[in-house]
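Written below as structure tokens is the structure these notes are about.
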Amino acid sequence: MKPGWVKRTYLRVLARTINPLALAAARSGRGPFALLRHTGRRSGRTYETPLILARVAGGFVAELTYGADVAWCRNLAANGRGEVLVGGALYRVTGLEPYSTAAGMDAYPQPQRTILKLLRRSEFRLITIAGDRT
């Protein structure tokens, strides 16, 4: 068995079960989910990923539940562009930057902050956006 097999299998199951429901919620603009559209580093294909984001000055904070090795994070790091649909509003993504644990925690409202602390989450990224909506 290759290293990382369990994680890859888990992410595949998640992508086929929960992600379709989260994508539908994100597209509708209801619920806690935002929709991130990003372009594949090698394929050039457009992908959509549901995320729970917190609004901050300059963009949105994302907690990296599965680490920085997930496709959306690697694609944004490589391309530095995409779109975020949040509550029916579309924003142009201009980059991805590391974000401190303390600032990341503070970005989320209660009860999300408490849940993140209980789960010992510590890795955050700032998804930077252009000044105006697209």
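The values are calculated or read from the model by the stated rules, or taken from the named source; none is laboratory data. Here the structure is a predicted model, which is why all the values come from computation and not from measurement. For neighbour counting, all protein chains shown are included, and Cβ atoms are generated from backbone atoms with ideal geometry for every residue, glycine included. When the accessible area is computed, the model is the full protein with side chains, heavy atoms only, and any ligands, DNA or RNA have been set aside. Shrake-Rupley method; radii C 1.70, N 1.55, O 1.52, S 1.80 Å.
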In region 83-97, the residues that are out of contact with any Gly (no Cβ under 7 Å at 6 or more places or on another chain), closer than 18 Å to residue 29 by Cα and not aromatic (Phe, Trp, Tyr): 83, 84, 85, 86, 89, 90, 92
Qualifying residue in region 64-84 (condition: hydrophobic (A, V, I, L, M, F, W, C) and either more than 14 Å from the chain's Cα centre (by Cα) or at positive phi (or both)): yes
Given the conditions (1) assigned to a strand (DSSP E or B); (2) under 22 Å from residue 19 (Cα atoms); (3) of a type in the set (A, V, I, L, M, F, W, C), report the number of the one that residue 130 does not fulfil. (2)
For region 80-91, what are the residues that are within 15 Å of residue 49 (Cα to Cα) and in a strand (DSSP E or B)? 82, 83, 84, 85, 86, 90, 91
Answer yes or no as to whether residue 113 is in contact (Cβ under 8 Å) with a residue 12 or more places away in the chain, open to solvent by 50 Å² or more (accessible area, probe 1.4 Å), charged (D, E, K, R) and under 27 Å from residue 7 (Cβ atoms). no
Failed condition for residue 61, given (1) touching a His at 6+ places or on another chain (Cβ under 9 Å); (2) open to solvent by less than 30 Å² (accessible area, probe 1.4 Å): (1)
